[in-house]
Structures are given as C-alpha cells and as structure tokens.
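The values are calculated or read from the model by the stated rules, or taken from the named source; none is laboratory data. None of these values were measured; they are calculated from a predicted model. When we count neighbours, we look across all protein chains shown, and the Cβ atoms used for this are built from the backbone with ideal geometry, even at glycine.
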Amino acid sequence: MDETLIKSRQNSTSAVISLLLSVALGLFLADAGVSLLDDTLILCFGIHTLAVIRGIMSFLAIMASMLIYLLSGATPMIPKRFAFPIALFIPVAMLALIPLLTYHYSRLQQIAWVTSFCQVIFGLCILFWAQGAFRFRWPFVPETKLGHRMFDWLNLSGFVLINVFVLLPGVLLYLVFCASLAVDHFSGSFVALRSDGLMVRARTYVRDDGKTIQLIPMMHIGDAGFYNQISKSFPTNSVILLEGVTDNRNLLKHELSYKRMAKSLGLTEQKEEFVPVQGQPRRADVDVEEFSKSSIEFLNLAALIHSRGLRSDVFLELIQKSQDPLLTEQLWEDLLTLRNAHLLKEIKAELLHSNRIVVPWGAGHMRGIAVEIQKSGFHLSDTREYKVINFPSIGNRRLHSNKK
C-alpha cells in the first residue's frame, strides 16, 4: 500500500513538473518569436508596435524559467540540461550584451536582432531534444524525459553551493569588470573604476608656443579631500573656466541638488567644497534658455526628484519621457554637445591673451574637449591621478552611522 501511494505521488509530481516545464518552454519560445518579430519590424521599418506585448512575454518567460531553475535544485526529477539552458539563456545574454553595447552602442538594434534570433534557434533545439523532432505536441516535455527521484540532499546541497560560492561571486566580478570597462571607455580614460575607489585623471596639454590647457574631470559628489586638493592645485597665473549652467530667466522650478545623494553616501557636493583659492576663475557655461523646451521639462522633473525624493508619480513620468529616443538625443545635444561647443569657444578666446587655462568640468565632457583641443595643435604632456571617492571610507562611515 505504501509503495502504491508513493508511486501515485511520484506520478502526480511527474505530471505537474512535465506541465511546468512545458509551460516554461512554451513561454520561452513565444518570447523569442515576439522578440524576433519586434526587432525585425524596428530594424527594417522603424515600427515599435509590439513593445508592450514583448515586455509582458519577456516578464512571464523570465518568471517561469526562474521557477524551473529553483525547482531543479529541489528535485532531481527536472533534468539540468533542460532547466539550466532555459533559465540562464536570458540572464547570460543580458550579461554578454554589456561589453558589446559599451563599444558598439550604435549597433544596438542589430545586436538585439541577433540575440532574438539566437533565442529562437536555442528554443527550437531544446524542443527537438524534448520531442525528438521539430513538432509542437503537448506536453512539450513528456514525462519520459524526467528523472525518477523526487528529492535528493546531494542535489540540493550542490545546487546551493554552486549558486552561492560560484555563480553569484562570478556574476558580481563580471559586473565590476564590465563597469570598469564602461567607465574607461565612455570617459576616454579620464575616469578609472578600481577596487578601492573612483579615480580621475587630470591631463595637461601643451602647444608648441608654450600655451597649456589642463583638463580636470570633476564629479558632482565626492570626498571633501578631493575638492580641497583640486582647489589648491591651480597655478596663480592660470585662468580657470568654471562649469555651471546659469538660469537667468528662472526656467528651472527646482534647484538641481545632489545633497540627498551625497549625504546618504557620506560624501559632499562639489559646489560646497570646490572653491579655487588661486588663479582667475570665471564662468564659461551656457544658460538654461539655450536648451530645448523638452530638455527643460525633463530637467525640472529630475530636479524635483533630487530635491524632494523619489515620488511614484514623478518617477513614472520621468521614465515615460525617457523612453522617447528623440528626447534622449535632444538631452545629449543640450547637456553635452552644446555646452562643449560653447566651452571650446571660451577656450579659443581665452588663448588669445592667456598662457595657462584650467578646465575643471564634469568628467563626461572631457573626452570630447580633449579631442578638439588636440586637433588645434595641443599634445598631452602630463597626467595626474586623484581619488574622488574612497570605497572603504564610505563603508566605514555607513557602518559607523548604522551603529549610532
């Protein structure tokens, strides 16, 4: 009787697992098909009509695959050669895309299409393994493909140990590596992410006539010591072209402040600590009225979050606006291209009567500025590193704060 009951329970469990695996595979294939169709329409015709459906299908596919993955650790009945590929394909693909998008962001849509195509092929191969042929017969994963044991401590222990001590640390190390690559690439090597902190590289460029331009990457928040060190580093005979968008017509309804973020990390704002003590500082930035209307509206929303904290209605509106590719291009044009062009004009005008110019601007501006001044005859002569943020210090400050 006991053997009959155990056999009955095993059969019931086997049927449920077969159903779950089939649903997971079906959602995986559906997500792959919708994604491939959506990417094809976007790539060939610029049509974005399937975004919502694709989002829903991707969410369901990820949830189902994660459930299967967790269950594979609980019961050896689920074959690992099925569960792992289905569960890990999307996360692995997303991780693999990070360096590709870092260096080939302009080919984002082509990369997305190739990824969707690979997912379709991958799903069909798993279906072939489960069915023994390319056919859609329910259940997609028959019970004959399942194991016989319902539970095994060795299976569960191995699953937990691999995830905790191999998979999770490996993913974290990979993300740190990718972040370091991205920071170096997008900043033109003016910024470096290291294990102990965030570094910036100040570079001095010299022209044959002896005139020099020093580019110093700045951050809106950082250690007070960094800003004090930079403030005292300027030569007395230098002209300091300061960053800082003005708002003469009060178009921004709220001040764009980083005080909340800085306080939460135990850091300080640049505007509070960075005060040049020597040299001749002067503003060299644009006014808000030179920005487009859409950029000003977006900045007002961002400033509202900075000043009052994260509110759901403002955050949702910000996310909605950020989905517009035209807005992204306009923001890039206003916040970077326009301001860089203005700064370069200021540098050119200042070079007529100054021999030494210092440019302590945001790190995001440095790459473009460096390229342009080198085109005008300047060459790199010196590089000096500064630590903007010390990670161990942040950890110690937060630990001390929590103890209080």
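Structure notes:
- Against the numbered list (1) modelled with pLDDT of 70 or more; (2) out of contact with any helix residue (DSSP H, G or I) (no Cβ under 8 Å at 6 or more places or on another chain); (3) part of a helix (DSSP H, G or I); (4) more than 21 Å from Ser264 (Cα to Cα), Ile319 comes up short only at (1).
Residues checked against (1) at pLDDT below 90; (2) exposed (fewer than 15 other Cβ atoms within 10 Å of the Cβ):
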{"site": "Tyr105", "(1), (2)": "yes, yes"}
{"site": "Gln110", "(1), (2)": "no, yes"}
{"site": "Trp113", "(1), (2)": "no, no"}
{"site": "Ile121", "(1), (2)": "no, yes"}
{"site": "Cys125", "(1), (2)": "no, yes"}
{"site": "Ala133", "(1), (2)": "yes, yes"}
{"site": "Arg137", "(1), (2)": "yes, yes"}
{"site": "Thr144", "(1), (2)": "yes, yes"}
{"site": "Arg149", "(1), (2)": "yes, yes"}
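- Selection from the stretch 55-75 of residues that are in contact (Cβ under 8 Å) with a residue 40 or more places away in the chain and closer than 15 Å to Val141 by Cβ: Ala64, Ser65, Leu67, Ile68, Leu71, Ser72, Thr75
- Any hit, the stretch 290-298, residues being in contact with a Ser or Thr (Cβ under 7 Å, 6 or more places away or on another chain) and under 28 Å from Asp334 (Cα atoms): no
- Test result for Phe122, touching a Phe, Trp or Tyr at 6+ places or on another chain (Cβ under 7 Å) and not in a helix (DSSP H, G or I): no
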